[in-house]
Amino acid sequence: MENLAIALWAKSGDPYHPLLAHMLDTAAVALAILEREPERTRHLYAQDWGLPEEEAKRLAAFLAGLHDLGKASPVFQAAWPEGAKRLKAQGLTWDEELVKESWVAHGVFTELYLKEVLKKLGFSRRAARQIAQGLGAHHGFQAQANELDKGRDHVACEPEGWDEVRRFLVERLHQALGTPCQKLPSDHNPSPAAILRVMALASFADWIASDASFFPYANRPHPLSWDYWKEALDRARKALDALPWPSPVPSSPKTFQELFPFPPNPLQRKVSELLEGVQEPVLLLVEAPMGLGKTEAALFAYHLLQGRLAHRGLYVALPTQATANGLFPRVKGFLEKLGTQAPLDLQLQHGAAPLNPAYEALLERARPQQVYEEEGAVVASAWFSAKKRAMLSGHGVGTLDQALLGVLKVKHHFIRLWGLMNRVVVLDEVHAYDTYTSGLLKALLRWLRALGSSVVLMTATLPKAKRKELLAAWGVAETGLPPYPRAAAFSEGRLLGACGLPPESSKALRIEAAPVKPSSLAEALKGGLPGALGAIVNTVDRAQALYQALGEGKRLTLAELLDHLGQGPEEGPWQDLHALREEKGEAIVGKRLEDGTLVFLLHARFPAEERALREGVALALFGKHGPRPERAILVATQVAEQSLDLDFDLLYTDLAPIDLLFQRAGRLHRHPRARPGHLQEACLLVGGLEGEPEFGGELHWNRVYEDYVLLSTWLSLGERKMLEVPKDLEGLLEEVYGRSPQDFPQNLQKRAQEAHKRLAERQQGEEKTAKNLALWELEGLLSQTEASDLPVAFRLDDEAEDERTQRFLTRLGDPSVAVVPLYKVGDGHFLDPYGRHPARLKGELSKEEVLALWRRAVRLSRPPIPKVLLEKEPPSAWRKSGLLRGLRPLEVGQFFPLKEGGTLGVELDPELGVVYRRG
């Protein structure tokens, strides 16, 4: 039997890696991971199985090692001819015709075998079924009913010997772990969180154990010797050091001023007081206006909680890639000041992360091994930079979408959730999401609580109803809260404490109605010069039209801008732009009018690398520091609305929902600084207040926002001349969102009733969709979901989108498609109109070619572009790349037929971005 067991292979090659060896390697990695968990997390594992901590660790590691038992099946072993020949020589046979005609994934066999194996080891019937389902899904997906039926057909036809050799493998693994099942309570049924912990632990350990640089196939002890287990455990510990996978040892306590270059303000002091003496994971709610230091408060809260609760790390979840890019350097600086002995891994987590120069620099820094020996080093390990592994890193800054994928049944969703276990998860701008995404957020909060994580919820403008729902998802009630602004801490199902937060200063904003027509608005803005002015509009088309209406000017390259404004401060966004000069110096970033006014445009319809560059320009010129220009206007869409640290002397905004208007207003006179004499008073220009409320037609505002909310906001602001922040914020939020159709003037009541009905129907539909698609209740972890119940395909890859519709699963909206604009020059396709940079559609692409294409991607949603392009497969060369397989080529100048007649042309303008032309 011993020779037969060693003949079973897990990894083909010369030498091959025996299945028993890989099972032992995986169990060793799992045990090494659990050895590094803090006492509170080890206690969770003990509760999972009703065992003392040491036995619980060994049981979980044993289960992880069983993940590949399905490879001890005829279907898998027959797949490698040399391995199959070796087995047959040992006397194992199989039905050749059945194996050839009916392939089944080995994870399916793992589930089928383990249901019986685990019952014989003392697990209850229910526990055996759930663990088997979970471990069978270690490659990302749970087996479907038709796959299980096919697998049963194979098992029924297995000749003698197979069951016996599997029992031998299980027994040897069990002995290596100290036979932990012998002490298992017979009637114990693990919780959904316990099953998820084992599922994810098995997959993570499998990934590491499958890395031949950590676990080579040659020059190792014989798998049947006990020396093999000792050596595997030693290799596992060294592999975790190399990743790095740190033990969550609390960092040395530091004061606020040791971590930040200023003393704590009242908010930051209150947060520290609320967290004194906490014993269990916390939900910290911070509701405060823009510019009050919520980010620093959240980071300091992480430091305090990590010290008191031994949390493994930090994840900061933000609404957009732009906001994540802006916060990434601040989090890096904060982690460096913690001064930990072991290096801290920090990942930037969103689809365009490789385009971020700060992140790329960290990846480069992680390669020399000596960096790991520096005290306080912050690196970005390449091992964790893979999309499906990034959430396992100790520290991350990224989009909320990356976290929400943990509660959607995408591939390896359980890995993402487990990666967030025992971390502090900061959820910023939680007011920024629609009903559907908020529904997913509620599911995430339930899981984070069950997995022992702490959460910091941050918002400037959260309506009462949404606050109540989010707190309920954590299992607490919205009672005993002081007036806005406020902070409150909840733990163990109750309110620990809450406090009001007197703002450091109140800001009065004068409201002025402004014209909506681009030509008239442009004149109004130019009348506000000199100064650094901003205009935030609701659509890309309006942004492009306003930019053009501001006048003809000389195109401005990055190099010309840098020369014009000089060196600037030694650190920060301005120096980041200087670092890009050699590579991007000729890139167009704006224009210069005859009177010297600099005009810039920022929206989401620029290719990725151009958008990133324009974000950098906006932060450098209109941010807290930098060479502030005397005469400049930034025209932007919602990409400038949240988290980007912009500060305008005068700001225009299209009418938007009241909470978003407050967000935009937070960019007006944001920081103390000298301002032009005529702009000493903060003035917010609002378009759409004059005359009758009209949000459709050419404006299309009611396609972006709900007509009812716009109408209610219009009514609340119509007679106002001043806004006082934060004093007026909560009252206006409740007024706008609490208004019923009967509260509108008589001439608007019918319109309000119809708009309110549409709003209610949409919200109900989105809530239902979220419940159908997400792991809404913890018990839904292993539930089978029929594809017909879901608005998208059940089996989805690691991407945050459905390959068929390119719709982001974490956001609802119109179908869209990510395209790479290409120019046809002669017989070839190029990234530029001059034929200098070829874009190959066939053959094998180099890493440089892949990145060059990916950097030019832009997402388009204008009908019928997504439908037309998604009907075609990606080019053959692109399908081979994980980065490119979701993209489609778009020939610049291409025309698309419109349903109503005519055509829609697509152009790429170096100043305006993607432009649509009706023909």
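Values for this structure:
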item: Pairs of lysine residues in the range 303-443 - Cα separation under 18 Å, sequence separation of 8 or more or cross-chain; result: 5
item: Stretchable slack from ALA361 to ARG510, in nm (0.36 nm times residue separation minus alpha-carbon distance); result: 49.3 nm
item: Label-to-label distance, nm, for residues given as ARG673 and GLU164 (7 Å Cα→Cβ offset); result: 8.1 nm
item: Selection from ALA342, ALA620, PRO485, by position along the positive dipole direction of the chain (Cβ); result: PRO485
item: Selection from PHE695, LEU650, LEU715, by position along the positive dipole direction of the range 643-718 (Cβ); result: LEU650
item: Shape category assigned to the range 466-545 from the gyration tensor of Cα positions, a/c cut at 1.5; result: prolate
item: The chain - charge dipole about Cα centre, Lys and Arg +1 at Cβ, Asp and Glu -1, debye rounded to 20; result: 460 debye
item: Degrees, to the nearest 10: 540-549 long Cα axis against longest axis of the chain; result: 30 degrees
item: Neighbour-limited loop hits for GluC sites (Glu not before Pro), the range 812-913 (at most 15 other Cβ within 10 Å; DSSP other than H, G, I, E, B); result: GLU844, GLU871, GLU900
item: The range 254-399: Cα Rg divided by the 2.2 N^0.38 Å rule of thumb; result: 1.05
item: Sequence-distant aspartates and glutamates (8 or more away, or on other chains) whose Cα lies within less than 16 Å of LYS624; result: GLU296, GLU570, GLU571, ASP576, GLU615, GLU641, ASP645, ASP647, ASP649
item: Selected from LEU327, ILE536, THR295, residue furthest toward positive end of dipole (the chain; charges at beta carbon); result: THR295
item: Share antiparallel - DSSP beta bridges, the chain, percent rounded to 5; result: 45 percent
item: Percent carbon-and-sulfur accessible area, the range 637-709, ignoring ligands, DNA and RNA, probe 1.4 Å; result: 48 percent
item: Largest-first ordering by accessible area, 1.4 Å probe, given options TRP245, TRP226; result: TRP226, TRP245
item: Within the range 870-892, backbone nitrogen closer than 11 Å to the virtual label 7 Å beyond the Cα of ARG840 toward Cβ; result: 877-878
item: Under-25-angstrom lysine pairs by C-alpha in the range 837-919, whenever the two are 8 or more apart or on separate chains; result: 9
item: Whole-percent carbon and sulfur share, accessible surface of the range 284-349, 1.4 Å; result: 50 percent
item: Whichever aspartates and glutamates have a C-alpha closer than 16 Å to that of LYS554, once near sequence neighbours (fewer than 8 apart) are set aside; result: ASP563, GLU586, GLU594, ASP595, ASP909, GLU911
item: Distance in nm between pseudo-label sites at GLN575 and ASN747 (7 Å out along the Cβ direction from Cα); result: 5.9 nm
item: The chain, Rg to Rh (Cα coordinates; Rh as Kirkwood inverse mean 1/r); result: 0.98
item: All aspartates and glutamates inside 17 Å of LYS120 as judged from Cα atoms, apart from same-chain residues fewer than 8 positions distant; result: GLU111, ASP163, GLU164, GLU171, ASP187
item: Heavy-atom accessible area ranking, 1.4 Å probe, most first, across CYS683, CYS157; result: CYS157, CYS683
item: Accessible area expressed per residue, the chain, with surrounding protein chains retained (probe 1.4 Å, Å²); result: 39 Å²
item: Sulfur and carbon atoms: percent of accessible area, the range 803-900 [1.4 Å]; result: 53 percent
item: Distance between the range 187-244 and the range 165-179 - C-alpha centres, whole angstrom; result: 15 Å
item: J(HN,Hα) series, the range 723-737, from Karplus relation 6.51 cos²θ - 1.76 cosθ + 1.60, nearest Hz, glycine and proline x; result: 10, 10, 10, x, 3, 8, 5, 5, x, 5, 4, 5, 5, 5, 7
item: Inter-probe distance in nm under a simple model that places probes 7 Å from Cα toward Cβ, at ARG758 and GLU96; result: 6.8 nm
item: Loop-located trypsin sites (Lys or Arg not before Pro) in the range 815-919 whose Cβ has at most 10 other Cβ within 10 Å (DSSP); result: ARG836, LYS842, LYS872, LYS899
item: Bins of 5 Å from zero: percent of alpha-carbon pairs in the range 125-193; result: 3, 12, 14, 21, 23, 18, 8, 1
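The values are calculated or read from the model by the stated rules, or taken from the named source; none is laboratory data. Quick caveat, the model's predicted, so the values are computed rather than measured. Glycine gets a Cβ as well: all are built from the backbone with ideal geometry, and neighbour counts include every protein chain shown. SASA here: full protein model, heavy atoms, side chains in, ligands and nucleic acids out. Shrake-Rupley method; radii C 1.70, N 1.55, O 1.52, S 1.80 Å.
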